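Trainee: Dumping the structure here so I can ask a few things about it.
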Amino acid sequence: MKTKSSHWGVCAGLALIIFPLLGGTLFAQGTQLARTPPMGWNSWYAFGCKVTEAIVRAQADAIASNGMKAAGYEFVNIDDCWSGKRDETGSIHPNERFSDMKALGEYIHSKGLKFGLYSSPEAKTCGGFEGSLGHVEQDARTYADWGADFLKYDNCRATQDKIVAYERMHQAIMKTGRPMVYLLCLSTDMDRVWRWGATVGGNLWRTTTDIQDKWESMALVGFGQNGLERFAGPGHWNDPDMLQVGNGGMKLEEYRTQMSLWCLLAAPLISSADLTKLTPALLALLTNPEVIAVDQDPAGIQGCRVAQEGPLEVWMKPLADGSKAVGLFNRGHYSANPVTVNFRDIDLGEKVSVRDLWAHKELGVFTDHFEATVPNHGVVMIKVKNTF
Ligand code: GLA
């Protein structure tokens, strides 16, 4: 396969130089938060503007009891469409689908989970609900009072300088004294947010328009992340949007591809399905500990593409213990194909041990390269390390 060793150099090398700089004291709000990519749930793709308090409580119950919490999922995030009117003091209140946001926050916390909210720097959110324009500090105080641990700040139809607007909310959050993971969502006009997101306290920033629950969309977004790896690291992550796993528009193998690719990308793992309706097979995709460990690896290095032959791609993510996670992907539509990783392309020696992460199986020691047959739209995900 044609290799792209220069990408590998960026993926494993330059990133290591940039991370400590960004992880220092420079960006106070983000420094201690999200040291590994955030994991949780968000209401948007399964429920859109039909989200209710009862739905959010049921999703929290599901995460706490179905194995997801044990696997590392912790945020329960309400997306757009929760906000209602302001009172005479300017305080924001939820709309009729929510009764008491503070009580909801307490309920989520009582399950050992964290509570996330959504707003916009503009007068209206992307869905046309009340945004924070003119009330930024007041709203941040309200979110803190409700116990929010996460804020997605979404910017459709921007009328203001984006950097100024995002920094304003960053300062407002810091003033509350309550740490909140801060997601910068510039879904329509990204303005290369990965270059400035960390400077305004962003812990994660969307790198793409909205992902759809379709193979074409997911593949375009996921495989299109190559080259952004140098902007990610502990405390500040690229966000290629949420996991569609379980929303029904893709086959199991395609969802496995999304999960594998997102973990190799050190992407936030935010499920956006109805968690009360997951089949055991889907739940297994979301909770495989060896695959999640790749995403949550403490070195926090975003993986990148190291080889490509038409629709066949090899991606690699260096891990803290010196081993590497590798994804062998077949983006072809019609048939299974062999995909090969050459060990020299990922800076490994001649003899390499290979473990299949989805199957939890040692495959043995291989010389020079490893090859597997990968189903169409599918993946084989392995962990490889030198044997001495
Ligand atoms: C934008 C965002 C989505 C979602 C909707 C809500 O499209 O990118 O993730 O938050 O707004 O209106």
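The values are calculated or read from the model by the stated rules, or taken from the named source; none is laboratory data. From a predicted model like this one, the values you see are computed outputs, not experimental measurements. FYI the Cβ positions are ideal-geometry reconstructions off the backbone, even for glycines, and counts take in every protein chain you see. Heavy atoms of the whole protein, side chains included, go into the accessibility calculation; ligands, DNA and RNA do not. Shrake-Rupley method; radii C 1.70, N 1.55, O 1.52, S 1.80 Å.
Trainee: Once phi is turned into ³J(HN,Hα) by the Karplus curve 6.51 cos²θ - 1.76 cosθ + 1.60 with θ = phi - 60°, what whole-Hz value does each residue of the range 293-309 show in order, with x for glycine and proline?
Mentor: Computed from phi, the couplings for the range 293-309 are 4, 5, 4, 8, 3, x, 5, x, 9, 6, x, 8, 6, 10, 7, 8, 9 Hz.
Trainee: A follow-up question, please. Carbon and sulfur together cover what percent of the accessible area of the range 38-136 at a 1.4 Å probe radius?
Mentor: The nonpolar share, carbon plus sulfur, comes to 54 percent.
Trainee: Quick one: check the C-alpha center-to-center distance for the range 294-358 versus the range 370-388, whole angstrom.
Mentor: 7
Trainee: What size of dipole, in debye to the nearest 20, comes out for the chain about its Cα centre when the only charges are +1 on Lys and Arg C-beta atoms and -1 on Asp and Glu C-beta atoms?
Mentor: Using only the charged Cβ atoms, the result is roughly 400 debye.
Trainee: Separate question: Once amide H atoms are built 1.01 Å from N in the peptide plane, which residues 5 or more positions from LEU117, or in another chain, come under 5 Å H to H?
Mentor: ILE78, ASP149, PHE150, LEU151, LYS152
Trainee: Now a separate question. GLU74: net charge of surrounding residues, Cβ under 12 Å, Lys/Arg +1, Asp/Glu -1, itself excluded?
Mentor: Here the charged neighbours net out to +2.
Trainee: Please report the relative contact order for the range 32-100, taking Cα pairs under 8 Å with a sequence separation of at least 6, and give it as a percent rounded to a whole number.
Mentor: Across the range 32-100, relative contact order equals 36 percent.
Trainee: Separate question: At a probe radius of 1.4 Å, what is the per-residue accessible area of ARG195, in Å² to the nearest 10?
Mentor: 130
Trainee: Could you give P(r) for the range 304-386, binned at 10 Å from zero, as whole percent values over all Cα-Cα pairs?
Mentor: So the P(r) values, bin by bin, are 20, 56, 23, 2.
Trainee: Report the accessible area of SER91, computed with a 1.4 Å probe over the heavy atoms of all protein chains in place, in Å² rounded to the nearest 10.
Mentor: So the heavy atoms of SER91 present about 30 Å² to solvent.
Trainee: Longest exposed-loop-site-free stretch of the chain, with GluC sites (Glu not before Pro), DSSP loop and at most 10 other Cβ within 10 Å?
Mentor: Formally, the longest exposed-site-free interval is 97-388.
Trainee: Tell me, how many Å apart are the Cα centres for the range 85-144 and for the range 218-265?
Mentor: When both Cα centres are located, 28 Å separates them.
Trainee: Can you work out ³J(HN,Hα) from phi for every residue in the range 269-274, in order, using Karplus 6.51 cos²θ - 1.76 cosθ + 1.60 and θ = phi - 60°, giving whole Hz and x for Gly and Pro?
Mentor: Taking θ as phi minus 60°, the curve returns 9, 10, 5, 10, 9, 7 Hz for the range 269-274.
Trainee: Is there a quick way to get the dipole size of the range 220-293? I mean about its Cα centre, with the Cβ of Lys and Arg at +1 and of Asp and Glu at -1; what is the value in debye to the nearest 20?
Mentor: 60
Trainee: Taking the solvent-accessible surface of protein heavy atoms with a 1.4 Å probe, what is the per residue accessible area of the chain in Å²?
Mentor: So the chain comes to 38 Å² accessible per residue, rounded to a whole number.
Trainee: A further question on this structure: Toward the positive end of the charge dipole of the range 2-295, about the Cα centre and with charges on Cβ (Lys, Arg +1; Asp, Glu -1), which of ILE211, GLY112, GLY197 goes farthest?
Mentor: Comparing the listed Cα positions along the dipole, GLY197 ranks first.
Trainee: Still on this model: Could you rank ARG305, ARG192 by how accessible they are, 1.4 Å probe, largest area first?
Mentor: ARG192, ARG305
Trainee: Moving on to the next point. When the convex hull of the Cα atoms of the range 269-321 is projected onto a plane and the area is averaged over all directions, what value comes out in nm²?
Mentor: One quarter of the hull surface, i.e. the mean projection, equals 5.2 nm².
Trainee: Between LYS124 and ASP61, what is 0.36 nm times their sequence separation minus the Cα-Cα distance? Round to one decimal in nm.
Mentor: Result: 19.6 nm gained on full extension.
Trainee: Could I ask something else about it? Which of the three applies to the range 2-295, rounded, prolate or oblate, going by the alpha-carbon gyration tensor with a ≥ b ≥ c and a/c under 1.5 meaning rounded?
Mentor: Cα axes put the range 2-295 in the oblate bin.
Trainee: Let me ask something additional. Which one, ASN238, MET180, GLY249, is farthest towards the positive end of the dipole of the chain when Lys and Arg carry +1 and Asp and Glu -1 on their Cβ?
Mentor: ASN238
Trainee: Any chance you could look up the accessible area of PHE47 with a 1.4 Å probe, heavy atoms only, rounded to 10 Å²?
Mentor: Estimated to the nearest 10 Å², PHE47 gives 40 Å².
Trainee: Given a 1.4 Å probe and every protein chain left where it sits, what share in percent of the accessible area of the range 143-200 is carbon and sulfur?
Mentor: So the carbon and sulfur contribution to the accessible surface is 49 percent.
Trainee: Here is a further query. So which of LYS162/LYS317; LYS50/LYS85; LYS85/LYS124 end up more than 22 Å apart by C-alpha?
Mentor: LYS162/LYS317
Trainee: What's the carbon and sulfur percent of the range 304-386's accessible surface, probe 1.4 angstrom, rounded to a whole number?
Mentor: Heavy-atom surface of the range 304-386 belonging to carbon and sulfur, 1.4 Å probe: 48 percent.
Trainee: Rank PHE366, ALA71, GLY378 by how far each Cα sits towards the positive end of the charge dipole of the chain (+1 on Lys, Arg Cβ; -1 on Asp, Glu Cβ) and give me just the farthest.
Mentor: Farthest towards the positive pole: PHE366.
Trainee: For HIS360, HIS135, give the ranking by accessible area with the largest first, probe 1.4 Å.
Mentor: HIS360, HIS135
Trainee: If I stretch the segment between ASP100 and GLU167 completely, what's the gain in nm (0.36 nm per residue apart, minus their alpha carbon distance), one decimal?
Mentor: 21.3 nm
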